[in-house]
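Laboratory data are not the source of any read-out in this text; all were calculated from the coordinates shown. Note that the structure is predicted; figures quoted are calculated from it, not measured. A quick note on method: Cβ atoms are made from the backbone with ideal geometry, for glycine too, and the neighbour counts reach across all protein chains shown.
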Amino acid sequence: MALRLGDVVPDFTQDSTHGEIHFFDWAGDNWVILFSHPKDFTPVCTTELGEVARLKPEFDKRNVKALALSVDDVDSHKGWVGDIEETQGSALNYPILADPDRKVSDLYDMIHPNANDTLTVRSVFVIDPNRKLRLTLTYPASTGRNFDELLRVIDSLQLTDNYSVATPANWKDGDDCVIVPSLKDPEVLKEKFPKGYREVKPYLRLTPQPNR
C-alpha cells in the first residue's frame, strides 16, 4: 500500500555500503532524506549522489541524515562509489542501501509497473524524527533532482513545526511567512509575532520569519 503524508514509515534492516542498517536505530533523533535509484552506474544518479555528498554540511546543519538506495548489491555499490568520487569530486559520506531482494523498494512502493516492473522509480522521502513521512517526490529518469529545493522544503517543515506560520510560494529561508488562518485573537497575534504583521486580506497575513 502506498505511503501517505503523515504515515509512520516502515522500519527495515538491510545491508549497505556502511554495513547493516537497522533503519529506526540508524535514524535516531534525526530527520532523514531517503532517495532511490533504479540501478548502479546510471549517469543522472551519479551526479545526484555526488551532490548530496557535497551538501552534507547543509544537511548536518538541519539535523538531516542522507540515505540512498539502489536495487543492486553492496559489491556493485562499492564500485559505483569509486566512480562517483572520481567524476563528482566528492567522497561519498553517507550510506547506499543494497536492495537486491526489493524488500525496501516494496515497503516504500518504489516499484511502479507502468514505468518499469523491476526497477525502482526515483523517489525521495523526507522523514521526521517521529518517523512520519513529511514529503514525497517522484522524478522521471531523465530529470535530475533539485536538492536545493529539498533543503528549502526541510527548512519550511522545521520552521512551521515550531511556529504558527506557513510558507508562501517560492519562499526561502529569511523571507516573510504567512500566519496560519486559525489564529484570530489580536492579543495572541501580538504575543506570537512581536515583529508585527501585514494584513493583505483577513486570511492572508504576512510576518517576518519568526526565528530570524
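Between the C-alpha center of the range 169-212 and that of the range 1-76 there is a gap of 35 Å. Compared with the alpha-carbon gap, the fully stretched path from residue 25 to residue 13 is longer by 3.4 nm at 0.36 nm per residue. Taking 19 Å as the cut-off for C-alpha to C-alpha distance, list the pairs among 56/132; 39/103; 61/103; 39/78 that go past it. Among 56/132; 39/103; 61/103; 39/78, the Cα-Cα distance tops 19 Å for 56/132; 61/103.
What are the lysines whose alpha-carbon lies under 24 Å from the alpha-carbon of residue 184, with same-chain residues fewer than 8 places away excluded? Partners found: 192, 195, 201. Rounded is the label for the range 13-146. Its Cα gyration tensor axes, ordered a ≥ b ≥ c, give a/c under 1.5.
With contacts taken as Cα pairs under 8 Å at a separation of at least 6 residues, the range 163-207 carries a relative contact order of 35 percent.
Springs join every pair of Cα atoms under 10 Å in this Gaussian network model of the chain, and among 183, 92, 159 the largest mean-square fluctuation is at 183. For the range 136-156, the residues whose amide N sits under 17 Å from a probe point set 7 Å from the Cα of residue 87 along the beta carbon direction are 141-145. Residue order for 15, 106, fewest other beta carbons within 10 angstrom first, comes to 106, 15.
Here the residues 22, 37, ranked from fewest to most Cβ neighbours within 10 Å of their Cβ, fall in the order 22, 37. The loop-placed trypsin sites (Lys or Arg not before Pro) in the range 4-83, going by DSSP, that have at most 16 neighbouring Cβ atoms within 10 Å of their Cβ come out as 4, 39, 62.
Dipole check for the range 1-154: with +1 at the C-beta of Lys and Arg, -1 at the C-beta of Asp and Glu, and the Cα centre as origin, the magnitude is about 600 Debye.
Annotation for residue 62 and residue 103: the two label points, set 7 Å from Cα along the Cα-Cβ direction, are 2.9 nm apart.
Projecting the Cα atoms of 97, 37, 193 onto the charge dipole of the chain (Cβ charges, centred on the Cα centre) puts 193 farthest toward the positive pole.
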